[in-house]
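The values are calculated or read from the model by the stated rules, or taken from the named source; none is laboratory data. Computed from a predicted structure; not experimentally measured. With ideal geometry, Cβ positions are generated from the backbone for all residues, glycine too; neighbour counts draw on all protein chains shown.
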Amino acid sequence: MMRVEEKTAVRVITGNEAAAWAAFLARSQVIASYPITPQTSLIETLASLTAKAPGRCRFINVESEHSAMAACIAAATAGARAFTATSSQGLLLMHELLHWASGARLPIVLVNVNRATAPGWNIWTDQNDSMSQRDTGWIQFYCESAQEVLDTVIQSYRLSEELRVPSMVILDAFFLSHTAEPVEMPSQDLVDCFLPPWSPEFLLDVDNPAAFGGLLGIDHYQEMRGDLHEALHAAATRVEGVDLAWKELTGRSYGTIEEYRCGDADIVLMTVATASSTARLVVDSFRERGVGIGRLKLRMFRPFPDELLRERLRGKRHLIVLDRNCSYGSNGILFTEIKGALYGLPEAERPQVHGYISGLGGRDLTPARIESMVEHALNHAAEERSVWIG
Amino acid sequence: MIEIRIHGRGGQGAVVASLILARAAHHQGWEVQVFPEFGVERRGAPVTAFARLDRQPIYLRSKVYEPDHVIVFDPGLKESIDVTAGLKDNGWILVNTSSPPEAIRNLERFRPATIDATGIAAKYKIGTATAPIVNTTMVGAFAGVSGLFSMESVAAGIRETIQGPAAALNIAAASEAYQVCAGPSRPPVEAETGIRQ
């Protein structure tokens, strides 16, 4: 791809504003959303941007999140690039239609601001809202910085449209949604160069009538679902190409996972989202004390990059998994998933897996709190269940 | 890394002040990260915002517990909350009041400074006569007190954050506060921070 030569502007903006700018620069044609804390400033920014660009986009005010997703589904079925954003209870209300969007193979992009689920009412971050949507057939990215949010929303459109599966881009409530930091703003030309207009193979068109979403019999349903499963799996490798194309234009790429000081480490700390930044400092601190530890950030949670994780974790002694979520009656969700993935390694090459649950409902994952997990793992045999860290 | 905590009341613009402060510092070449206290804001209730400035990328993404400096928009806040909680020894505590710094008691471990931001903001008709919005004035004062970024950078931060003709009034108010706090002995910003303008 041709490199677009241009001056880039750096602005100090929040994670929510970065998401809004990305949806705008991606030329979203239909935006349907219902406000909910802590997503509200995202939608306010987007409403303001689109109001200043008449004719560019249809901004639909809806009466619920269920309707927001329904509007996005209808728009995408008619060939429009569709966007929505939500959080917590709003995402849960969309649940039924999340299945519909992926089943109908519609490349909708949704930004979810991670927020705890009620009761008790809590507007602060944890991952149970989005991780409990893991089986809906959506790609899921967890972001660490406002820059990554902006870049990932734009990348998601390209990935989604190539594979005809929807994407969810996820950021922590407040720790990212309301935190302002420097973000390099790509020009419209650069984004247009990366993301050409979407031309779907099948679309709802009054001049060429066709029926969508009809009854599918016993002979075909399973194959159709198998296709969706394959498309999701394909995203794990296809995302690398999308990332590379973005890197050629901007110099920035992220991968499905990102390793920090993992090369010679025999202990790996696995994190997602903003905790990954703070975990770097924890790694540095243990390294100064001679502990051979590294940090592995999981950026893409669906599809789960199990093959790559097996390759990178093969032969490590300990894996410490930080879950800001809980599958009640089971364990931390990442803890369970990574153990399943590592079962594919010969027993002698599997690290011991130590699971920790912490940071629910916005509890601060300070360096000290993350350090206490590492200390615990260094001094205890791996337990069957995730350990709760207060 | 330098950590700053801002105490205000809902409606005084403390969160916007943190954003202007970040944009000013970024204009001066600092890496920045700012965020509000993650709460539910109500007009008149205590509001807190935080800023981090560093010369390298900022990876710490937890809250600020031990700030280097504190900015207090309303002296009455000292009665209801501990505005010095965690404040490091010798840190600046900049308070909006018409009293001199000596009038602020129990702050021996810190460097107190005061500015009549309410008077200055009212003079430039920022906000209403009964409830002036002091945020830009306080950022100007903090730039003068701390020397972390210049008045030119504050003006850039204000222009980036406040649209329309209001920007000029806010810059004028911030500039007056900067002059009062910086004083004639303030060394040039470059000399103090060693970073690019």
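Figures for the structure shown
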read-out	value
Count of residues meeting criterion [closer than 30 Å to A:Thr136 by Cα, of a type in the set (Lys, Arg) and out of contact with any helix residue (DSSP H, G or I) (no Cβ under 6 Å at 6 or more places or on another chain)] in the range A:270-309	2
Check on A:Val239, touching a strand residue (DSSP E or B) at 6+ places or on another chain (Cβ under 8 Å), among the β-branched types (Val, Ile, Thr) and buried (at least 21 other Cβ atoms within 10 Å of the Cβ)	yes
Filter pass, A:Ser277 being buried (at least 18 other Cβ atoms within 10 Å of the Cβ), in a helix (DSSP H, G or I), among the polar types (S, T, N, Q) and not assigned by TED's automatic domain parsing to the domain that holds A:His178	yes
Selected residue [part of a loop (DSSP other than H, G, I, E, B) and without any contact (Cβ under 8 Å) to a residue 40 or more places away in the chain] from B:Thr130, B:Thr114	B:Thr130
Among (1) touching a residue at least 24 places away in the same chain (Cβ under 8 Å); (2) closer than 14 Å to A:Leu309 by Cα; (3) assigned by TED's automatic domain parsing to the domain that holds A:Leu195, the one test that A:Thr237 misses	(1)
Given (1) surrounded by fewer than 24 Cβ atoms within 10 Å (Cβ to Cβ); (2) touching a helix residue (DSSP H, G or I) at 6+ places or on another chain (Cβ under 9 Å), index of the condition B:Gly157 fails	(1)
Count of the range B:53-82 residues which are farther than 22 Å from A:Pro367 by Cβ and within 9 Å of chain A (Cβ to nearest Cβ)	0
Residue within the range A:117-140 that is in contact with an Asp or Glu (Cβ under 8 Å, 6 or more places away or on another chain) and over 20 Å from A:Ile257 (Cα atoms) present	yes
Residue match in the range A:338-347 (condition: in contact (Cβ under 8 Å) with a residue 24 or more places away in the chain, over 27 Å from A:Ser88 (Cβ atoms), surrounded by 15 or more Cβ atoms within 10 Å (Cβ to Cβ) and within 14 Å of chain B (Cβ to nearest Cβ))	no
Positions within the range B:8-52 being away from every other protein chain (no Cβ under 13 Å) and surrounded by fewer than 24 Cβ atoms within 10 Å (Cβ to Cβ), in sequence order	B:Arg9, B:Gly10, B:Gly11, B:Arg42, B:Arg43, B:Gly44, B:Ala45, B:Pro46
In the range A:143-182, the residues that are within 14 Å of another protein chain (Cβ to nearest Cβ), buried (at least 24 other Cβ atoms within 10 Å of the Cβ) and out of contact with any Ser or Thr (no Cβ under 8 Å at 6 or more places or on another chain)	A:Glu148, A:Val149
Qualifying residue in the range A:185-201 (condition: within 14 Å of another protein chain (Cβ to nearest Cβ), in contact (Cβ under 8 Å) with a residue 60 or more places away in the chain and of a type outside the set (D, E, K, R))	yes
Where B:Glu102 falls short, out of the listed (1) outside any loop (DSSP other than H, G, I, E, B); (2) touching a strand residue (DSSP E or B) at 6+ places or on another chain (Cβ under 7 Å); (3) surrounded by fewer than 16 Cβ atoms within 10 Å (Cβ to Cβ)	(2)
Condition met for A:Glu259 (away from every other protein chain (no Cβ under 14 Å), assigned to a helix (DSSP H, G or I) and among the acidic types (Asp, Glu))	no
Some residue of the range A:205-216 being assigned to a helix (DSSP H, G or I) and touching a Leu at 6+ places or on another chain (Cβ under 7 Å)	no
The lone exception for A:His178 - which of (1) within 22 Å of A:Glu240 (Cα to Cα); (2) part of a loop (DSSP other than H, G, I, E, B); (3) in contact with a Phe, Trp or Tyr (Cβ under 6 Å, 6 or more places away or on another chain) it fails	(1)
Pairs, first under 17 Å from B:Ala49 (Cα atoms) and in contact (Cβ under 8 Å) with a residue 12 or more places away in the chain in the range B:135-148, second acidic (Asp, Glu) and assigned to a helix (DSSP H, G or I), C-beta under 8 Å, six or more apart	B:Thr137/B:Glu176; B:Gly140/B:Glu176
Condition met for A:Val113 (touching a Leu at 6+ places or on another chain (Cβ under 9 Å), within 14 Å of chain B (Cβ to nearest Cβ) and either basic (Lys, Arg) or under 30 Å from A:Ala74 (Cβ atoms) (or both))	yes
Complete set of residues in the range A:305-319 that are in a loop (DSSP other than H, G, I, E, B) and in contact (Cβ under 8 Å) with a residue 40 or more places away in the chain	A:Pro305, A:Lys316, A:Arg317
Residue satisfying condition, being surrounded by 15 or more Cβ atoms within 10 Å (Cβ to Cβ), within 27 Å of A:Ser167 (Cβ to Cβ) and away from chain B (no Cβ under 14 Å), within set A:Arg310, A:Arg295	A:Arg310
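Yes or no, residue by residue, for (1) outside the structural domain of A:Gly359 (by TED's automatic domain parsing); (2) surrounded by 17 or more Cβ atoms within 10 Å (Cβ to Cβ); (3) in a strand (DSSP E or B):
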site: A:Ser48; (1), (2), (3): yes, no, no
site: A:Ile73; (1), (2), (3): yes, yes, no
site: A:Leu93; (1), (2), (3): yes, yes, no
site: A:Leu110; (1), (2), (3): yes, yes, yes
site: A:Ser130; (1), (2), (3): yes, yes, no
site: A:Gly137; (1), (2), (3): yes, yes, no
